[in-house]
């Protein structure tokens, strides 16, 4: 049950309105997570800026796979639904790749290294081993790419935590519980 309100268009703070309107135009509707998050212009606009910047990092399949892996570890059903939907429709990932990503893997070796590393970052709270870092570098990722992976983990964790705390109404198709995949 939602633990905060989803704002109506009239209730959105003026400082959040341009950002929320841009998302609504881009997506075609206003997700409840965003209309809830818009209550804090500072937090909402900061997240939106980070999201916009990180949308240029790596490739869409890798970004969505990292989002799925992180959301699985953080137990965020809202984000798992969103990332499963976008992975299927925007990144063109087949269902078996979505399941692999939730488990921290990918069939593509380079993407697999990034997703495994992202999962280790969130599971260890960043206390990865030298071997973990070597594995992602050996797969062809530069230190700049590794920094982008870490930033993606942090950004996805932010929305995971927001959604786990406030439990907005789900507006994307539900996904299979983790124990069933």
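The values are calculated or read from the model by the stated rules, or taken from the named source; none is laboratory data. It should be emphasised that the depicted structure is a prediction, and the values quoted were computed from it without experimental measurement. Using ideal geometry, Cβ is built from the backbone for each residue, glycine included, and neighbour counts are taken over all protein chains shown.
Computed values, structure above
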{"read-out": "Condition met for residue 126 (at pLDDT below 95 and out of contact with any helix residue (DSSP H, G or I) (no Cβ under 6 Å at 6 or more places or on another chain))", "value": "no"}
{"read-out": "Among the candidates 118, 87, residue that is modelled with pLDDT of 95 or more, in a helix (DSSP H, G or I) and within 26 Å of residue 165 (Cβ to Cβ)", "value": "118"}
{"read-out": "Residue count, region 1-50 (criterion: in a helix (DSSP H, G or I), without any contact (Cβ under 8 Å) to a residue 24 or more places away in the chain and under 17 Å from residue 171 (Cβ atoms))", "value": "5"}
{"read-out": "Unmet requirement for residue 144, which otherwise passes all of (1) closer than 18 Å to residue 53 by Cα; (2) touching a residue at least 24 places away in the same chain (Cβ under 8 Å)", "value": "(2)"}
{"read-out": "Evaluation of residue 148 against (1) in contact with a helix residue (DSSP H, G or I) (Cβ under 9 Å, 6 or more places away or on another chain); (2) outside any helix (DSSP H, G or I) (one fails), failing number", "value": "(2)"}
{"read-out": "Verdict on residue 44 being closer than 19 Å to residue 164 by Cβ and out of contact with any helix residue (DSSP H, G or I) (no Cβ under 6 Å at 6 or more places or on another chain)", "value": "no"}
{"read-out": "Positions within region 100-115 being under 15 Å from the mean Cα position of the chain (by Cα) and in a helix (DSSP H, G or I), in sequence order", "value": "101, 102, 114, 115"}
{"read-out": "Among residues of region 56-80, those that are under 11 Å from the mean Cα position of the chain (by Cα) and outside any helix (DSSP H, G or I), counted", "value": "2"}
